[in-house]
Amino acid sequence: MLIVILIFLTILFSIFLPGKVFSVGNFQSMAFQLPELSILAIAMMITMLSGGINLSIIATANTSGIITATILTRLITADSGNSFYISVIAILAGWTAAFLIGIVNGFIIAHIGVSPILATLGMMTVLQGLNILYTKGNVISGFPPEILFIGNGTILGIPFALIIFLIIAFIISILLDRTPFGLSNYLIGSNETASYLSGINVKKVLIWTYAISGLLCGVASTIMISHFNSARAGYAASYLLITILAAVLGGVNPYGGLGKVSGLVIALFILQVASSGLNLLGVSTHFTKALWGIILIFVIGLRNIKFKNNIKN
């Protein structure tokens, strides 16, 4: 069904926008825009599979990006010589921070018992406040070529960031479908009590779930700051709704236990084609954002109606 929708949208926009949808420039634009959003959507998806949610993904990504950008701009100077090793250290520092934020989220949820929506909402608020306090709302910019290549460079005409996304999508797909951790994550989302009684270490799995989600936010932040050549506290604020929409549209059960990376990827392509088409038609970005909210409510409502009908039958 998702593939049919994707084909339908592509044909529809091709009729209204002849020669624009299938243009090389449009495809290149979508290929450069897709990776950072897609990795954040995967970070959201794995927590939803466990029956939770991570509302702090954007704040985590921005925190990671600000840490990376700070190290880059403080340590790389005209006299610093080779900037490659400093760039690696800066990226790893940002990823480590994002990973630790994920662990804290997981600990609060698993050991303290705070609901995922409240725990991650609180974390989001804390991180946003700290980010703005540190940057004072300003951007941190001026990165070396090694960093800029990640979000803007190509290999054989393919954006390097897109290659990173495809590798991550493959790894997470294998992790969820072929490992005990992935199976445990699905089972916890289906029935946490039954998972505990069957011998699964629920607390450990949840901590790892949110830790991996945080790490993915760190990877997305590297692509994001590279793409913009800057880091700021308010980047990608609109992505939070889209990541949830992409997950639900891609077949992830909002209550956990069901969903595949392949469905998420197709849903992301659908949203990217729709967003690009609406942009080319001159539709307001505010209307587009409202449309995403309407679609999200519609899809969740349709799923709930179907679930209730299945129970009755």
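The values are calculated or read from the model by the stated rules, or taken from the named source; none is laboratory data. As the structure is a computational prediction, the values presented were derived from the model and not from experiment. With ideal geometry, Cβ positions are generated from the backbone for all residues, glycine too; neighbour counts draw on all protein chains shown. Note: areas computed on protein heavy atoms with side chains; ligands, DNA, RNA excluded. Shrake-Rupley method; radii C 1.70, N 1.55, O 1.52, S 1.80 Å.
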Residues located in the stretch 103-120, provided they are part of a helix (DSSP H, G or I), within 23 Å of the chain's Cα centre (by Cα) and either free of Cβ contacts under 8 Å to residues at least 60 places away in the same chain or farther than 26 Å from residue 207 by Cβ (or both) = 104, 108, 118, 119
query = From 84, 22, which residue is farther than 30 Å from residue 118 by Cβ, at pLDDT 80 or above, open to solvent by 70 Å² or more (accessible area, probe 1.4 Å) and not hydroxyl-bearing (Ser, Thr, Tyr)?
reply = 84
task = Would you point out which residue out of 143, 165 is in contact with an Asp or Glu (Cβ under 9 Å, 6 or more places away or on another chain), open to solvent by less than 50 Å² (accessible area, probe 1.4 Å) and either modelled with pLDDT under 95 or closer than 20 Å to residue 237 by Cβ (or both)?
result = 165
key: So residue 100, is it part of a helix (DSSP H, G or I), open to solvent by 10 Å² or more (accessible area, probe 1.4 Å) and at pLDDT 95 or above   = yes
ask   = Taking helices (runs of 4 or more DSSP H) that do not extend beyond the stretch 176-239, which have at least 1 residues that are within 28 Å of residue 93 (Cα to Cα)?
value = 180-190, 202-228
ask   = Name the pairs whose Cβ atoms lie under 9 Å apart, with the first residue in the stretch 146-175 and within 15 Å of residue 28 (Cα to Cα), the second surrounded by fewer than 14 Cβ atoms within 10 Å (Cβ to Cβ) and aliphatic (A, V, I, L, M), and 6 or more positions between them or separate chains?
value = 163/155
ask   = Counting only residues that are hydrophobic (A, V, I, L, M, F, W, C) and open to solvent by less than 30 Å² (accessible area, probe 1.4 Å), which one in the stretch 107-122 is farthest from residue 59 (Cα to Cα)?
value = 110
note = Within the stretch 286-313, the count of residues that are at pLDDT below 75 and closer than 16 Å to residue 9 by Cα comes to 0
task = List the number of the failed condition for residue 283; all other conditions in (1) open to solvent by 40 Å² or more (accessible area, probe 1.4 Å); (2) modelled with pLDDT of 90 or more; (3) not in a helix (DSSP H, G or I) hold.
result = (2)
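Matching residues to (1) buried (at least 22 other Cβ atoms within 10 Å of the Cβ); (2) under 16 Å from residue 151 (Cα atoms); (3) modelled with pLDDT of 70 or more; (4) in contact with a Phe, Trp or Tyr (Cβ under 9 Å, 6 or more places away or on another chain):
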residue	(1), (2), (3), (4)
2	no, no, no, yes
13	no, no, no, no
26	no, no, no, no
47	yes, no, yes, yes
50	yes, no, yes, yes
61	yes, yes, yes, yes
67	yes, no, yes, no
ask   = How many of the residues in the stretch 123-133 are of a type outside the set (A, V, I, L, M) and loosely packed, with under 15 Cβ neighbours inside 10 Å?
value = 2
inquiry  = Looking at the stretch 71-97 only, could you name the residues that are small (Gly, Ala, Ser), part of a loop (DSSP other than H, G, I, E, B) and touching a residue at least 40 places away in the same chain (Cβ under 8 Å)?
reply    = 83
message = I'd like to know if the stretch 256-263 contains one or more residues that are modelled with pLDDT of 90 or more and among the charged types (D, E, K, R).
response = yes
